[in-house]
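Okay, structure first, notes after.
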Ligand SMILES: C[S@@+](CC[C@H](N)C(=O)[O-])C[C@H]1O[C@@H](n2cnc3c(N)ncnc32)[C@H](O)[C@@H]1O
């Protein structure tokens, strides 16, 4: 394994934190283990030799490769089931009653391999049944890892990541590809729009949202980064709209939303 000098490590972690929010200042071994093979396969002998290529990468390809390797994309279906219970029992009845133009705007921010937005689509499909045709239920799902976004668009999953999926859903929403692999049905896949978006950037989507999910993403951000991000989310949330964060994450001290339940926040009606 290649070793990174303290000076290079500090420069690299500062660069990553500034541009992507990820605080890897305690993760020297992780950086060395995840990048060593890649650096050697790319023809470099050391971090010292490789890093100038990264810092001078104006096209963004090298940075994208780095982010693919340094992000933690762990996810699975039905993760944090309390959110799905709230979604079906509280959010969707609220949305059905109050969203007059029948356009429910949901953003899965830090969607990784797509399990989260597909899971929400399955909930909505079951909830609305044949009424779904009268609604625009398309979900926006974003991430900074191009690898994760590519896999998410394919929507192919292993038996293992589907362990918590109810049997009835497996039958309706997945097709078997053989070899223990399953693909989410086209009708559900069509309802999720995957895009690259860095949460450090300004939020410039055409719509504002009734629900934003940013679960198990801010865990890698420091207090100031979380605070800035939650304020941006707040502006991008419709009055009465919700934010879900991961149950293991802490909200910033100056969280603008009102806490409803653990890891569930709401914007004031006139906020
Ligand atoms: C652990 S996964 C969480 C996936 C899903 N939300 C869940 O809870 O299962 C965290 C994701 O956040 C993404 N991420 C990290 N920093 C980001 C940033 N600055 N902008 C957008 N996505 C980011 C990572 O690429 C990764 O796919």
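The values are calculated or read from the model by the stated rules, or taken from the named source; none is laboratory data. Since the structure is predicted, the reported quantities are computational estimates derived from the model, not experimental observations. Reconstructed Cβ throughout: ideal geometry from the backbone, glycine too, with neighbour counts over all protein chains shown.
Considering 198, 238, 185, the condition of being surrounded by fewer than 19 Cβ atoms within 10 Å (Cβ to Cβ) and either outside the structural domain of residue 143 (by TED's automatic domain parsing) or touching a strand residue (DSSP E or B) at 6+ places or on another chain (Cβ under 6 Å) (or both) is satisfied by 238 alone.
Can you confirm whether residue 253 is surrounded by fewer than 12 Cβ atoms within 10 Å (Cβ to Cβ), at pLDDT 95 or above and assigned to a helix (DSSP H, G or I)? Considered against the rule, which asks whether it is surrounded by fewer than 12 Cβ atoms within 10 Å (Cβ to Cβ), at pLDDT 95 or above and assigned to a helix (DSSP H, G or I), residue 253 comes out as no. In this structure, residue 150 does not qualify as within 14 Å of the ligand (Cβ to nearest atom), within 30 Å of residue 257 (Cβ to Cβ), modelled with pLDDT of 95 or more and surrounded by fewer than 20 Cβ atoms within 10 Å (Cβ to Cβ).
In a residue-by-residue description of region 246-256, the property of being over 23 Å from residue 82 (Cα atoms), within 13 Å of the ligand (Cβ to nearest atom) and assigned by TED's automatic domain parsing to the domain that holds residue 146 applies to no position. Residues in region 221-235 that are surrounded by fewer than 21 Cβ atoms within 10 Å (Cβ to Cβ), within 11 Å of the ligand (Cβ to nearest atom) and over 26 Å from residue 95 (Cα atoms): 1 in all. Residues in region 31-43 that are in contact with a helix residue (DSSP H, G or I) (Cβ under 8 Å, 6 or more places away or on another chain) and surrounded by fewer than 16 Cβ atoms within 10 Å (Cβ to Cβ): 38, 42. Please work out if residue 143 is closer than 30 Å to residue 21 by Cβ and touching a helix residue (DSSP H, G or I) at 6+ places or on another chain (Cβ under 6 Å). Spelling it out, residue 143 is indeed closer than 30 Å to residue 21 by Cβ and touching a helix residue (DSSP H, G or I) at 6+ places or on another chain (Cβ under 6 Å).
Screening 174, 113, 128 for residues that are crowded, with 16+ Cβ neighbours inside 10 Å, more than 23 Å from residue 68 (Cα to Cα) and touching a strand residue (DSSP E or B) at 6+ places or on another chain (Cβ under 8 Å) leaves exactly one candidate, 174.
Looking across region 54-103, the residues that are over 30 Å from residue 131 (Cα atoms), more than 16 Å from the ligand (Cβ to nearest atom) and surrounded by 14 or more Cβ atoms within 10 Å (Cβ to Cβ) come down to 54, 57, 62. Applying the criterion of at least 3 residues that are more than 14 Å from the ligand (Cβ to nearest atom) and at pLDDT 95 or above to the strands (runs of 3 or more DSSP E) found wholly in region 175-218 leaves 181-184.
The strands (runs of 3 or more DSSP E) found wholly in region 54-163 and carrying at least 3 residues that are over 23 Å from residue 220 (Cβ atoms) occupy 156-158.
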